[in-house]
Amino acid sequence: MTPEMILNGAYGALLGRGRCQGDFETGDGRVCQAGALAVATGQPADVWRYIRDLEFEELDPSDLPMVEAAKILAKVEAPLQPVHEMSLNRLVTLLGDSNDVASDAEIFDCFAKAAAEAARLAEKAGAANV
């Protein structure tokens with residue numbers, strides 16, 4: 001899966017399940033934005049609890065697109081933050097803090113912008129490989 005696919009899938013998960021605050025997932029199935037990213041990859045919403053303390057080099061390669069999608073989303077939400085220098089724990093905290101203060105409309109707007117940015121980055125990478 002590509003970060004763009006994950007971001008679009010997470011958008012759909014938020015639309016379908018509803019958004020929660022304060023946790024990755026609630027008992028009724030609602031998810032936060034980080035939880036939605038995980039669900040979009042077929043993982044449990046709370047997978048972040050288990051990987052957030054790992055170094056990037058320690059991640060399973062299958063988790064890397066999800067983490068890249070999270071970085072792109074965080075960069076859209078907090079453009080002045082050094083997202084690509086953050087630990088995974090700090091990245092998850094940033095997404096959680098943003099999720100807890102933003103409106104649904106703001107979250108959906110950020111997902112749409114992040115998916116567009118992921119598509120742009122993929123196109124740029126593809127052009128560089130030609």
**Request:** Run the accessible area of the chain with a 1.4 Å probe and give the carbon-and-sulfur part as a rounded percent.
**Result:** 54 percent
**Message:** Relative contact order of the stretch 23-130, please, whole-number percent, based on alpha carbon pairs below 8 angstrom and at least 6 residues apart.
**Reply:** 25 percent
**Prompt:** Pairing the Cα long axis of helix 88-101 with the longest principal axis of the chain, what angle in degrees results, from 0 to 90 and rounded to the nearest 10?
**Reply:** 50 degrees
**Complete:** Kirkwood radius from Cα pairs of the stretch 18-69 plugged into Stokes-Einstein at 10 °C, 1.306 mPa s, gives D in µm²/s equal to 141 µm²/s
**Asked** Once the Cα atoms of helix 104-128 and of the chain are each reduced to a long axis, what angle between those two axes, in degrees from 0 to 90 to the nearest 10, is obtained?
**Response** 20 degrees
**Request:** Apply the Karplus parameterisation 6.51 cos²θ - 1.76 cosθ + 1.60, with θ equal to phi minus 60°, to every residue of the stretch 58-70 and state each ³J(HN,Hα) to the nearest whole Hz, in sequence, with x for glycine and proline.
**Result:** 8, 5, 5, x, 5, 8, 4, x, 5, 5, 5, 4, 4
**Prompt:** What length, rounded to one decimal in nm, is gained on full extension from GLU106 through to THR93, with 0.36 nm per residue of separation minus their alpha-carbon distance?
**Reply:** 2.9 nm
**Message:** Under the √(5λ) rule applied to the eigenvalues of the Cα gyration tensor, what semi-axes describe the equivalent ellipsoid of the chain? Give them in Å, descending.
**Reply:** 21, 17, 14
**Complete:** Result for the stretch 14-114: accessible area per residue, probe 1.4 angstrom, in square angstrom, of 49 Å²
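The values are calculated or read from the model by the stated rules, or taken from the named source; none is laboratory data. The structure displayed is predicted, hence computed values, not measured ones. Please note that ligands, DNA and RNA were not included when accessible areas were found on the heavy atoms of the full protein model with its side chains. Shrake-Rupley method; radii C 1.70, N 1.55, O 1.52, S 1.80 Å.
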